[in-house]
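Some notes on the structure that comes next.
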Amino acid sequence: MSDEKPSEKPVVLTCAQPTGRLHLGNYLGAVKNWVSMMDGNECYFGVVDMHAITIKYTPAELRKNTLDCVAQYLACGLDPQKCSIFVQSHVIGHTELAWVLGCITPLGQLERMTQFKDKAKKQESVGAGLLTYPILMAADILIYNADFVPVGEDQKQHLELTRDLAEKFNYMYSDTFKIPEPHIGKAGARIMSLQSPESKMSKSDANQGGTIYLMEEPSSIHKKIMSAVTDSGAEIIARPDKPGVSNLLSMMGVATGKSIPELEKEFAGCGYGDFKKAVADSVVSMLEPVRNRYLELCKDKAYLEQVLKTGAETAQKRAYKTLAKVYKKVGFYERIR
Ligand code: TRP
C-alpha cells in the first residue's frame, strides 16, 4: 500500500507526443479508449513536448503541433470538464522526478530498450535524452501516482521499467509510489495500413495512400478506401490470410458499432467495390462530426489556451505533492520559506 490517501476514483494517466495530424489508427486504437475512460476515473492527458525534442525536430512546428494536438483531442471527445489536459513542460516536477529516478536506473536497462535502439539507428547523432527518455516517461506516470496507463503494445517495455523503478524506490526509501498497470485497448481496434495491411497504419508510412487522417477531406478518404489493397478470393470475411479485407471489416466494425460476424453476414456475396464503398461511407460519417468540431476549435485559440491553463493547474497540484514527498524521502534539506 502506498501512504497516499486513497483517492475516490482510480487515476488514469496517459501522454502522447505532439506529432501533428492524428490518423484513424491513433483515434480508434488510442484516443477513443481514453474518451471512454473519462467517466469513473480521475484522468490526466499530457502532451509530452519534452519527449518530442529527443529526436530531430523543428521548434516552430513543435509549438504549432502542441496546440493542434489539443484541438484534435478535444474534437475526438476529450472533455476538459471531466479530465485534465496539460502540456508536460507546463508542469514543474516531471523532469525533477526524472532526475531522482535516473539516479536509481540501471544504465544497462536503458540500453536494452528496443525503442531506443530503433530510434538511435535513425539519428545522425544520439543525445543522452533519447537514452533517458523512458525515465522521463516513468516520472510522467509516477508523479500522478497513476493506477492505469492506457498505452499501445509498443510502450509496454517502458511501462515495465516504470514499474521496476517504482518498486525499487519504494524498497529503498519506503512506500511512495503506486505500481501502475498498463491498460491495453480492446482488441479489434488495431488499424492497419490500407496499402500494406501487415503493418500498422502510420504517419511515417512512405505510401500515404495507406493512412487516413482524422481531419482529411471526405472525398480523399473515399478515394483511399476505394483503392485499399484487398486479397485474392472474393469472400468478405475476416481471416488471417485476408489481412486487407479483415482490416476493412474491423474499421467498419468500430465505425458502425456492429460486430465482425454481423458485417460478414451483411456483405456475404457482395463485391469488393460495393463493400469498400460502404466502409468508406461509414468511416466518413464517423469522422465528419470530429472534423467539424476540430475546424470550430481551431478558430478559438483562447479557449484552447484556457483548457491548457486549467489542465496545468490541476496537474501541478498533484505533481507538487508527489515531488515534495520524494524530495523529503531522498534526504534533500527542506527549502526555507
Ligand atoms: N512514449 C509514449 C509514446 O511515444 C509517450 C509518453 C510519454 C507516455 N510519457 C508517457 C505514454 C506517459 C503514457 C504515459 O507513445
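Report the equivalent ellipsoid semi-axes for the range 60-167 in whole Å, largest first, defined as the square roots of five times the eigenvalues of the gyration tensor built from alpha carbon atoms.
Values: eigenvalues 127, 68, 39 Å².
Over the Cα atoms of the range 60-167, the ellipsoid semi-axes are 25, 18, 14 Å.
Return the single residue from GLY271, GLY29, GLY311 with maximal mean-square fluctuation; model: Gaussian network over the chain, springs between Cα atoms under 10 Å.
The residue that fluctuates most here is GLY271.
Per residue, what volume in Å³ does the convex hull of the Cα atoms of the range 285-337 enclose? Working shown, then result.
Working: hull volume 6.0 nm³, N = 53.
Per-residue hull volume (Cα only) is 113 Å³.
In bins 5 Å wide, starting from 0, what share of all Cα pairs of the range 179-296 does each bin hold, as a percent?
2, 12, 21, 24, 20, 12, 6, 3, 1, 0, 0
Based on Cα coordinates alone, diagonalise the gyration tensor for the chain, multiply each eigenvalue by 5, take square roots, and list the semi-axes in whole Å, largest first.
Values: eigenvalues 301, 91, 74 Å².
One finds semi-axes of 39, 21, 19 Å for the chain.
Report D for the range 62-125 in µm² per second (integer): Stokes-Einstein, Kirkwood Rh on Cα pairs, 10 °C, 1.306 mPa s. All intermediate terms of the calculation are to be shown ahead of the outcome.
On the way: Rh = 15.2 Å.
My calculation gives 105 µm²/s for D.
Using the Kirkwood radius built from alpha carbon pairs, what does the Stokes-Einstein equation give as D for the range 122-244 at 37 °C and 0.692 mPa s, in µm² per second?
Details: Rh = 17.9 Å.
Answer, rounded: 183 µm²/s.
Return the long-range amide H neighbours of HIS23 (sequence gap of 5 or more, or a different chain), with a cut-off of under 5 Å between placed amide H atoms.
LEU214
Using only the alpha-carbon atoms, how far is helix 301-330 inclined from the longest principal axis of the chain? Give it as 0 to 90 degrees, nearest 10.
40
Relative to the compact globular guide of 2.2 N^0.38 Å, what is the alpha carbon radius of gyration of the range 140-195, as a ratio? Don't skip to the answer; put the middle values down first.
Numbers: Rg = 14.3 Å, N = 56, 2.2 N^0.38 = 10.2 Å.
Dividing the Cα Rg of the range 140-195 by 2.2 N^0.38 Å gives 1.41.
Which entries of LYS200/LYS277; LYS9/LYS32; LYS178/LYS317 have Cα-Cα distances beyond 26 Å here? All intermediate terms of the calculation are to be shown ahead of the outcome.
Working: LYS200/LYS277 22 Å; LYS9/LYS32 20 Å; LYS178/LYS317 18 Å.
None, as every Cα separation is 26 Å or less.
Round to the nearest 10 and give me the degree value, 0 to 90, for the angle of helix 128-142's Cα axis relative to the longest principal axis of the chain.
80
Probe of 1.4 angstrom, ligands and nucleic acids ignored: what's the accessible area per residue over the chain, in square angstrom? Could you put the intermediate results ahead of the total?
Values: 16890 Å² over 337 residues.
With all protein chains present, the chain gives 50 Å² per residue.
Collect residues whose amide H, placed 1.01 Å from N in the peptide plane, falls under 5 Å from the amide H of GLU42; neighbours closer than 5 in sequence don't count.
So GLU42 has HN proximity to VAL11, VAL12.
At 1.4 Å probe size, with the rest of the protein present, what percent of the exposed accessible area of the range 203-270 is carbon and sulfur atoms? All intermediate terms of the calculation are to be shown ahead of the outcome.
Values: 1910 of 3290 Å².
Taking all protein chains in place, the range 203-270 shows 58 percent carbon and sulfur surface.
Calculate one ³J(HN,Hα) per residue across the range 24-33 by plugging θ = phi - 60° into the Karplus curve 6.51 cos²θ - 1.76 cosθ + 1.60, and present them in order as whole Hz with x for glycine and proline.
Computed from phi, the couplings for the range 24-33 are 4, x, 4, 5, 6, x, 10, 4, 4, 5 Hz.
Please check: in the Gaussian network model of the chain (C-alpha springs, under 10 Å), which one of ILE260, ILE225, ILE191 has the largest mean-square fluctuation.
Most flexible of the set in this elastic network: ILE260.
Show me, bin by bin at 5 Å from 0, the whole-percent P(r) of the range 1-117 based on Cα pairs.
The distribution over the range 1-117 is 2, 9, 16, 19, 19, 17, 12, 5, 1, given as percents.
In angstroms, what radius of gyration and Dmax does the range 46-99 have, counting Cα atoms only?
12.4, 35
For the chain, with the dipole built from +1 on Lys and Arg beta-carbon atoms and -1 on Asp and Glu ones, taken about the Cα centre, which of LEU214, ASN170, GLY29 lies farthest toward the positive end?
Result: ASN170, furthest along the dipole toward the positive end.
With charges only on Cβ, +1 for K and R and -1 for D and E, what is the dipole size of the chain about its Cα centre, in debye, rounded to 20? Spell out each step's value before the answer.
Working: 42 positive and 40 negative charges, 135 e Å.
For the chain, the charge dipole is close to 640 debye.
How big is the dipole moment of the range 265-337 about its Cα centre under a simple scheme where the beta carbon of each Lys and Arg is +1, that of each Asp and Glu is -1, and everything else is neutral? Debye, nearest 20, please. It would help to have the intermediate numbers written out before the result.
Details: 16 positive and 9 negative charges, 175 e Å.
Roughly 840 debye for the range 265-337.
State the three equivalent ellipsoid semi-axes of the range 201-258, derived from the C-alpha gyration tensor as the square roots of 5 times its eigenvalues, in descending order and whole Å. Don't skip to the end; give the middle numbers.
Details: eigenvalues 83, 41, 23 Å².
With the √(5λ) rule applied to the range 201-258, the semi-axes are 20, 14, 11 Å.
Pick out which of MET172, MET38, MET252 has the largest mean-square fluctuation in a Gaussian network model of the chain, springs linking Cα atoms closer than 10 Å.
MET172
Leaving ligands, DNA and RNA out of it, report the carbon-plus-sulfur percent of the accessible area of the range 95-173 at a 1.4 Å probe. Provide the component values of the computation, followed by the final result.
Numbers: 2050 of 3750 Å².
The value for the range 95-173 is 55 percent carbon and sulfur by accessible area.
Using a 1.4 angstrom probe with every protein chain in place, what is the largest-first accessible-area order of ARG293, ARG63, ARG337, ARG163? Don't jump to the answer; show the numbers that get you there.
Details: ARG293 105, ARG63 175, ARG337 225, ARG163 50 Å².
So the residues, ranked largest to smallest area, are ARG337, ARG63, ARG293, ARG163.
The values are calculated or read from the model by the stated rules, or taken from the named source; none is laboratory data. Model, not experiment: these values are computed from the prediction. We place every Cβ from the backbone using ideal geometry, glycine too, and count neighbours over all the protein chains shown. We work out accessible area using only protein heavy atoms, side chains counted, and drop any ligands, DNA or RNA first. Shrake-Rupley method; radii C 1.70, N 1.55, O 1.52, S 1.80 Å.
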